[in-house]
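Accompanying notes for the structure given below.
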Amino acid sequence: MNGKFLVTTPIYYINDKPSVGSAYTTIIADILARWNRLKEIDTFFLTGLDENSSKTVKAAKEKKYKDIQNYADDMYKEWVKVWKKLNISYDGFIRTTSEKHKKIVQDFFNKAYKKGDIYLGEYEGLYCGGCEEFKRETDLEGGLCPYHKTKPLKIKERNYFFKLSKYEEDILKLVKKNEKFVLPKSRRTEIINFIESGLTDISVSRPNLKWGIDVPFDKNQKVWVWYDALYNYKSGVDKKYWKGRVVHLVGKDIQKFHCIIWPAMLLSASESLPTTIFSHGFFTINGEKMSKSLGNAIDPVYISEKYGVDALRYFLIKEISFGEDGDFSEEDLKKRLNNELANDLGNLVSRVLTLVEKEKVMLRGKKELEKKLDLKKIEKLMNEYELTEALKEIWKFVIECNKYVNDKKPWGLKGKELENVLYNLVESLRIIAILLSPFIPETCDRINKQLGVKAGKLKDCKFGKFKGKIKKGEVLFRKI
Ligand code: MSP
């Protein structure tokens with residue numbers, strides 16, 4: 001380990017604006033990136049757009065664009081606007097229509113061809129345009145794609161194949177030997193079962209397409225969009241970040257591409273492998289399956305304008321146990337906003353700072369509340385991607401601080417006793433603002449401002465470091 005951390009999101013299709021689903025993965029990546037920056041690890045957070053899909057062409061036509069690249073450029077502006085709104089602190093943004101990306105894909109394609117890992121063949125199969133993938137009969141449910149509920153097209157074409165079967169044993173060994181390669185555990189078992197059912201070579205080019213990256217030695221073929229897209233993890237980032245910890249975050253719908261095809265592509269090219277592919281669950285909307293193609297996608301901008309960005313970020317992590325499936329409901333979001341963010345955290349900050357401003361005493365005393373904080377546990381949970389559990393553990397401390405106020409009743413105290421209680425509470429608020437900053441960064445900036453301190457690092461999560469000048473500001477959350 002050389003103290004570098006690379007975290008990536010899938011690159012998203014641009015047939016639509018971001019949904020709360022794509023926002024979910026991106027927020028998680030943002031939390032991991034911010035957490036590693038707190039630990040002062042050299043971090044790179046990569047996200048981007050998968051623009052070479054036939055979905056792009058279809059959407060551009062539907063929206064009456066003459067020039068597909070213009071459509072892609074407009075969608076790019078739309079996506080970055082949304083990520084800015086959601087406080088996504090990415091370091092790199094890769095677009096697959098960029099020249100830099102195209103060149104890397106073609107270089108890798110050539111390399112695999114020269115090695116004999118890519119060959120020309122004929123393929124007959126069922127293609128799902130939604131997944132951009134050939135399906136096996138056994139992948140379908142009632143003849144339909146289980147994700148898109150559509151009937152795949154029967155296609156017979158001549159195209160280039162990648163020798164996935166050649167890497168079957170290596171990948172199986174890799175996944176079995178390395179417990180952290182595919183996380184969480186349940187998904188690792190799924191992947192092992194899939195590999196053990198046998199890997200066949202895959203088609204990695206499509207003939208007769210107008211949009212996409214040319215196969216470098218055959219102008220009649222475009223590179224299959226997945227084979228192109230996966231290379232974003234190389235084209236979008238400086239090589240040095242591949243020498244440290246590399247984590248790909250993906251939804252469980254696309255884990256197979258990341259846990260099987262991508263490692264095989266990397267092995268073929270003699271490139272280093274990612275450390276972990278974490279596939280999180282999917283959430284439904286009020287109990288219904290959500291997807292762009294089913295048309296019930298929720299707009300994260302609408303939610304964040306109505307309830308605040310941090311309410312959305314907080315809700316997604318606290319409500320949906322990370323790694324598992326869950327449900328998104330505005331009613332539940334409102335409850336958590338009112339009860340947890342406004343009551344537990346907002347009121348705590350407001351009560352403490354009102355007292356400090358009113359009493360104007362020295363802040364000094366014994367470290368009483370520090371013992372209630374299990375920093376080691378929080379660190380362990382965060383490092384093991386147990387984000388929901390880590391947030392719960394931080395929240396326990398918020399609750400402890402509230403309990404401390406209620407038990408000590410500082411409004412009736414004087415002298416040393418008052419100094420001690422306020423000292424404990426102010427130091428705790430400062431630490432809470434550090435620990436919560438990956439999850440709700442805007443709120444933590446506001447707490448820091450009211451405390452009169454700069455944003456701290458993980459090493460500052462101990463008592464005795466407060467040097468601010470307190471100036472109480474507006475309430476953190478308004479109840480809905
Ligand atoms: N373009 C491919 C990925 C290529 S990566 C080399 C793709 N794009 S996508 O736009 O369809 O984004 C899919 C990702 O969005 C999922 O893997 C998941 O991370 C996220 N989600 C979309 N809907 C979601 C939910 N309902 N719930 C959770 N995550 C969701 O696939």
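The values are calculated or read from the model by the stated rules, or taken from the named source; none is laboratory data. Note that the structure is predicted; figures quoted are calculated from it, not measured. Counting neighbours? That spans all protein chains shown, and the Cβs are built from the backbone with ideal geometry, glycine included. Keep in mind that these areas ignore ligands, DNA and RNA; they rest on the heavy atoms of the full protein, side chains included. Shrake-Rupley method; radii C 1.70, N 1.55, O 1.52, S 1.80 Å.
Spot the failing condition for Arg446; the list is (1) closer than 15 Å to Val352 by Cβ; (2) part of a loop (DSSP other than H, G, I, E, B), and only one is missed.
(2)
In the stretch 177-211, which residues are loosely packed, with under 14 Cβ neighbours inside 10 Å and in a loop (DSSP other than H, G, I, E, B)?
Of everything in the stretch 177-211, those that are loosely packed, with under 14 Cβ neighbours inside 10 Å and in a loop (DSSP other than H, G, I, E, B) turn out to be Asn178, Glu179, Ser197, Gly198, Thr200, Asn208, Lys210.
When the residues of the stretch 262-287 are narrowed to those that are near the ligand (Cβ under 10 Å from one of its atoms) and part of a strand (DSSP E or B), which ends up surrounded by the fewest Cβ atoms within 10 Å (Cβ to Cβ)?
Of everything passing the filter in the stretch 262-287, Thr284 is surrounded by the fewest Cβ atoms within 10 Å (Cβ to Cβ).
Residue under question is Thr8, and the condition is that it be closer than 20 Å to Met290 by Cα, in contact with a helix residue (DSSP H, G or I) (Cβ under 7 Å, 6 or more places away or on another chain), more than 8 Å from the ligand (Cβ to nearest atom) and open to solvent by less than 10 Å² (accessible area, probe 1.4 Å); does it hold?
It is false that Thr8 is closer than 20 Å to Met290 by Cα, in contact with a helix residue (DSSP H, G or I) (Cβ under 7 Å, 6 or more places away or on another chain), more than 8 Å from the ligand (Cβ to nearest atom) and open to solvent by less than 10 Å² (accessible area, probe 1.4 Å).
Which of the residues belonging to the stretch 151-176 are in contact (Cβ under 8 Å) with a residue 40 or more places away in the chain and surrounded by fewer than 17 Cβ atoms within 10 Å (Cβ to Cβ)? Reasoning before the result, please.
The initial filter retains those residues of the stretch 151-176 that are in contact (Cβ under 8 Å) with a residue 40 or more places away in the chain, namely 157-164, 166-167, 170-171, 174-175.
Listed by number, the residues that qualify are Glu157, Arg158, Lys166, Asp170.
Being touching a Gly at 6+ places or on another chain (Cβ under 9 Å) and open to solvent by less than 10 Å² (accessible area, probe 1.4 Å): is that true of Gly251 here?
Yes; evaluated as a whole, the condition is true for this residue.
Suppose we keep only residues that are within 13 Å of the ligand (Cβ to nearest atom), of a type in the set (Ser, Thr, Tyr) and part of a helix (DSSP H, G or I) within the stretch 223-261. Which one would you say is nearest to Pro10 (Cα to Cα)?
It comes out as Tyr233.
Given (1) out of contact with any Asp or Glu (no Cβ under 9 Å at 6 or more places or on another chain); (2) more than 18 Å from Asn15 (Cα to Cα), identify the lone condition not met by Leu120.
The one condition Leu120 does not meet is (1).
Counting only residues that are assigned to a loop (DSSP other than H, G, I, E, B) and at pLDDT 95 or above, which one in the stretch 19-46 is farthest from the ligand (Cβ to nearest atom)?
Result: Glu40.
So which strands (runs of 3 or more DSSP E) are wholly in the stretch 63-158 and hold at least 3 residues that are not aromatic (Phe, Trp, Tyr)?
92-95, 118-128
If you scan the stretch 357-408, which residues turn out to be open to solvent by 20 Å² or more (accessible area, probe 1.4 Å), modelled with pLDDT of 95 or more and among the hydrophobic types (A, V, I, L, M, F, W, C)?
Leu373, Leu375, Leu381, Ile399, listed by residue number.
Hey, any hits in the stretch 212-222 for a residue that's modelled with pLDDT of 95 or more, open to solvent by 10 Å² or more (accessible area, probe 1.4 Å), within 14 Å of the ligand (Cβ to nearest atom) and assigned to a helix (DSSP H, G or I)?
no
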